[in-house]
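Only one structure is covered here, and it is reproduced in the block below.
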Amino acid sequence: MLNKKSISLALLFTLTMLIVACSSQEYTTAKLAIQQSDFVKAAEWLPKAMAVEPDNPEIPVSMGVEIHAKDKDWTKMVAMFDKAMSINPDKQIEVRGSFISVKDAVNNYIEFYWAQEFNKGVEQFKKIQDDPENKPEYLDIAIDYFLNAAIIMPSDANTHSTLAKCYFDKGDKDAAKEAALTSVEKNPESFDANFGAGQILIRAGESSEVVLPFYEKAASIEPSNSKVLRELAGMYYDLGQKERSIEVFENAISNEEEKKVKANLYFNLGVIHNQMKNYEDAEKSFDEAFYLDDEDYEALEGMVLIYDSLGDQYLNGAEGFEKDMNEAYRWYRKAEKKIKDALIINPDESDEYKKILKQLRYKKGIAEGF
């Protein structure tokens with residue numbers, strides 16, 4: 001009579017034989033070689049197994065993980081994963097003792113090896129901070145790791161954006177632009193890809209016309225992102241589309257909560273209004289900028305420009321203005337007060353401010369009748 005231990009052993013033997021029976025002799029040999037860490041033998045028998053079992057997606061997954069990943073041949077690894085997915089992404093397979101679908105296995109290993117290579121690239125960046133003299137060497141190593149990451153997961157926009165920054169820091173503008181454009185090509189609906197491409201392209205010397213579509217796309221993806229709105233408004237301004245620039249700045253202001261950033265937006269809005277001779281709106285914008293940041297001497301300078309300009313208009317009776325000495329005097333006086341405030345905040349420019357102050361007092365005297 002068989003005891004329980006004998007029954008268990010017999011059952012285990014039967015299950016093992018069933019598993020073996022499901023595999024070809026070639027694949028069984030390959031799996032045994034993997035278990036024994038004989039990867040040279042495994043690399044010999046896995047292709048033979050694929051030839052005998054062309055409809056078994058487990059074999060190319062094993063080939064990708066156990067052979068190509070170990071050799072860091074990421075291109076061949078991805079090719080094996082693609083082959084397995086094309087056979088049957090939903091089939092349950094066994095990989096390293098775990099039963100999992102082909103799709104989940106491929107995704108898991110892709111993410112694992114991508115993170116491994118990407119993080120190694122990031123580590124090289126960190127070394128630059130402590131050893132800036134060897135920055136070129138660290139950048140070269142980082143680029144190699146990020147290129148590996150891009151091969152493993154080509155759809156990741158962040159990888160290509162990071163590559164673009166590396167190339168730009170290295171001084172290779174053409175490679176930087178190519179990587180930035182690849183980032184958008186691989187993930188056209190990514191905010192980071194489009195915004196990053198705009199940043200790299202403009203720094204690499206591309207025209208505003210070339211860069212504008214990337215900022216517009218980024219803004220359409222994240223309409224409340226003040227970072228891209230600032231860039232977009234500046235781009236419209238550079239292209240002479242001042243009305244659109246004003247609209248974008250106003251949207252950016254409404255979506256910004258950080259005071260100094262908001263003050264800067266108001267300042268830029270004031271500059272545009274002033275150039276368009278929207279003096280009242282320009283004054284309001286500069287005044288709001290200074291209210292939000294009482295160290296913003298540039299906002300005071302902006303107000304000085306407005307008041308001085310208005311004083312000149314009334315002094316000379318320019319087109320659209322009646323000659324009015326009282327009004328001219330009033331605006332020069334307001335300009336004088338603001339330049340004095342700027343002098344207190346920004347004493348480094350005292351010589352220049354004193355010249356402006358002297359001119360204002362001279363024109364104020366004319367308006368006053370001296």
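The values are calculated or read from the model by the stated rules, or taken from the named source; none is laboratory data. Since the structure is predicted, the reported quantities are computational estimates derived from the model, not experimental observations. Quick reminder, even Gly has a Cβ in these numbers, built from the backbone with ideal geometry, and neighbours come from all protein chains shown.
Points to keep in mind about this one:
- Test: TYR145 is more than 29 Å from MET80 (Cα to Cα), in contact with a helix residue (DSSP H, G or I) (Cβ under 8 Å, 6 or more places away or on another chain) and surrounded by 16 or more Cβ atoms within 10 Å (Cβ to Cβ): no
- Condition check for VAL20: surrounded by 10 or more Cβ atoms within 10 Å (Cβ to Cβ) and either within 48 Å of the chain's Cα centre (by Cα) or at pLDDT 90 or above (or both): no
- Among the residues of segment 314-325, the ones that are assigned to a helix (DSSP H, G or I) and without any contact (Cβ under 8 Å) to a residue 12 or more places away in the chain come to 1 in all.
- Check on VAL95, farther than 25 Å from ALA157 by Cβ and without any contact (Cβ under 8 Å) to a residue 60 or more places away in the chain: yes
- When GLU94 is tested against (1) at pLDDT 90 or above; (2) touching a helix residue (DSSP H, G or I) at 6+ places or on another chain (Cβ under 8 Å); (3) of a type in the set (Asp, Glu); (4) surrounded by fewer than 21 Cβ atoms within 10 Å (Cβ to Cβ), only condition (1) is not met.
- The criterion of at least 1 residues that are farther than 30 Å from VAL184 by Cβ and basic (Lys, Arg) is met, among helices (runs of 4 or more DSSP H) falling completely within segment 221-306, by 259-275, 279-292.
- Selection within segment 325-370 - among the small types (Gly, Ala, Ser) and over 14 Å from VAL304 (Cα atoms): SER350, GLY365, ALA367, GLY369
- Only residues that are more than 26 Å from HIS68 (Cα to Cα) and modelled with pLDDT under 90 were counted across segment 137-168, and they come to 1.
- Reported count of residues in segment 57-79, each being of a type in the set (A, V, I, L, M, F, W, C) and either farther than 18 Å from GLU44 by Cα or surrounded by fewer than 24 Cβ atoms within 10 Å (Cβ to Cβ) (or both), is 6.
- Breaking point among (1) touching a helix residue (DSSP H, G or I) at 6+ places or on another chain (Cβ under 8 Å); (2) part of a helix (DSSP H, G or I), for GLU189: (2)
- Segment 119-140, residues that are out of contact with any helix residue (DSSP H, G or I) (no Cβ under 7 Å at 6 or more places or on another chain) and either hydroxyl-bearing (Ser, Thr, Tyr) or farther than 18 Å from PHE168 by Cβ (or both): ASN119, GLU123, LYS126, ASP130, ASP131, GLU133, ASN134
- Cβ-Cβ distances below 6 Å connect the following pairs, each with a first residue in segment 270-290 that is closer than 18 Å to ASN251 by Cα, a second residue that is among the β-branched types (Val, Ile, Thr) and part of a helix (DSSP H, G or I), and a separation of six or more residues or different chains: ILE272/ILE246; ALA282/ILE306.
- Of all the residues in segment 209-265, those that are under 24 Å from TYR297 (Cα atoms), under 16 Å from the mean Cα position of the chain (by Cα) and of a type in the set (D, E, K, R) number 3.
- Any hit, segment 203-210, residues being within 30 Å of ASN134 (Cα to Cα), in a helix (DSSP H, G or I) and not acidic (Asp, Glu): yes
- Set side by side, the residues ASN134, ASN108 differ, and just one is exposed (fewer than 15 other Cβ atoms within 10 Å of the Cβ), without any contact (Cβ under 8 Å) to a residue 40 or more places away in the chain and under 13 Å from VAL65 (Cα atoms), which is ASN108.
- Residues that are crowded, with 21+ Cβ neighbours inside 10 Å, closer than 23 Å to SER309 by Cβ and either modelled with pLDDT under 85 or of a type in the set (Asp, Glu) (or both), drawn from segment 247-296: ASP296
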